[in-house]
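A.B. asks: Quick one: the structure is below, and I'll ask about it shortly.
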Amino acid sequence: MIYIVEDEENIRDIESYALMNSGYDIKSFEDGRNFIGQCLILPPELIVLDIMLPGEDGLSLLRQLRQHKSTEKIPVIIVSARDSELDAVKGLDGGADDYITKPFGVMEFISRVRAVLRRSETEKSEETLKFGDIEVDDCRHVVKAAGQECALTFKEYKLLVTMIRNHGLVLSRERLMQLVWGTDFAGETRTVDMHITSLRKKLGSSGGMIKTIRNVGYKLEER
Ligand code: CA
């Protein structure tokens, strides 16, 4: 369930239809009056929150969400007017996960929503992942390959975790771009190759488990 708080009816409709067409359940609010109460009763998976609202504004609602134990971790995307970058900054400082400026395209909107949901899914899973002789402590973000700790960058780490979660499957560069970089922009797939190369190197002999699938992408496979 995704909650939308937006006072402009046409924007509320655009957001609602875009999300429903992508298979999400939604509930929309015209202002903040019953919103916090509803969040406490039934916390959503994500909130799309307009900043300029009649009555209490979005930043103030965000502050309240972050104060309650049951709502502090709900991902929030704030929506700000184009000429108000300051609001976006304040929103991110106030604990928003992302922001989008009006006017926005439906594709961009959906891709932001997906990216934020994915990130929150990843953060929820606190566990140790194992594949072959690679061990990932997902709480402490520590990676060991054959018992040796590897210093990975954030993206290399995410790439590795994504590959372990999808081991045995061929992942195209475009798919990895979506899963790791959170973007549907397929033009920069060379970025994926560069990160794979450096990840392999850092994993030492365990890096050999990352197989190149010619003309397609990569696959993590035990030797
Ligand atoms: Ca507004």
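A.B. asks: Leu169 is checked against (1) touching a residue at least 60 places away in the same chain (Cβ under 8 Å); (2) farther than 29 Å from Tyr99 by Cβ and fails just one. What number does that condition carry?
C.D. replies: (1)
A.B. asks: If you don't mind, another one. Tell me yes or no: at least one residue of region 85-107 is touching a residue at least 60 places away in the same chain (Cβ under 8 Å), over 15 Å from Tyr3 (Cα atoms) and loosely packed, with under 14 Cβ neighbours inside 10 Å.
C.D. replies: Yes - at least one qualifying residue is present in region 85-107.
A.B. asks: Let me ask something additional. State which residue pairs qualify: first residue without any contact (Cβ under 8 Å) to a residue 40 or more places away in the chain and inside region 1-12, second residue within 11 Å of the ligand (Cβ to nearest atom) in any location, beta carbons under 7 Å apart, and separation of 6 or more residues or different chains.
C.D. replies: Close Cβ pairs satisfying both conditions: Arg12/Glu6.
A.B. asks: Would you mention how many residues in region 124-151 are charged (D, E, K, R) and in contact (Cβ under 8 Å) with a residue 40 or more places away in the chain?
C.D. replies: Number satisfying all stated conditions: 1.
A.B. asks: Test Asp87 against the stated conditions and say whether it is modelled with pLDDT under 90, under 10 Å from Ile51 (Cβ atoms) and of a type in the set (D, E, K, R).
C.D. replies: yes
A.B. asks: Filter region 168-203 down to the residues that are of a type in the set (Gly, Ala, Ser), touching a strand residue (DSSP E or B) at 6+ places or on another chain (Cβ under 9 Å) and at pLDDT 95 or above and list them by number.
C.D. replies: Matches in region 168-203: none.
A.B. asks: Something else about it: If you scan region 12-30, which residues turn out to be on the phi < 0 side of the Ramachandran plot and either surrounded by fewer than 17 Cβ atoms within 10 Å (Cβ to Cβ) or in contact with a Lys or Arg (Cβ under 7 Å, 6 or more places away or on another chain) (or both)?
C.D. replies: Asp13, Tyr17, Met20, Asn21, Ser22, Asp25, Lys27, Ser28
A.B. asks: Within region 7-16, can one find any residue that is under 26 Å from Thr183 (Cβ atoms), in contact with an Asp or Glu (Cβ under 8 Å, 6 or more places away or on another chain), assigned to a helix (DSSP H, G or I) and more than 16 Å from the ligand (Cβ to nearest atom)?
C.D. replies: No, the conditions are met nowhere in region 7-16.
A.B. asks: Provide a single number: the residues in region 42-84 that are more than 28 Å from Gly23 (Cβ to Cβ), modelled with pLDDT of 90 or more and either buried (at least 19 other Cβ atoms within 10 Å of the Cβ) or within 15 Å of the ligand (Cβ to nearest atom) (or both).
C.D. replies: 7
The values are calculated or read from the model by the stated rules, or taken from the named source; none is laboratory data. None of these values were measured; they are calculated from a predicted model. Using ideal geometry, Cβ is built from the backbone for each residue, glycine included, and neighbour counts are taken over all protein chains shown.
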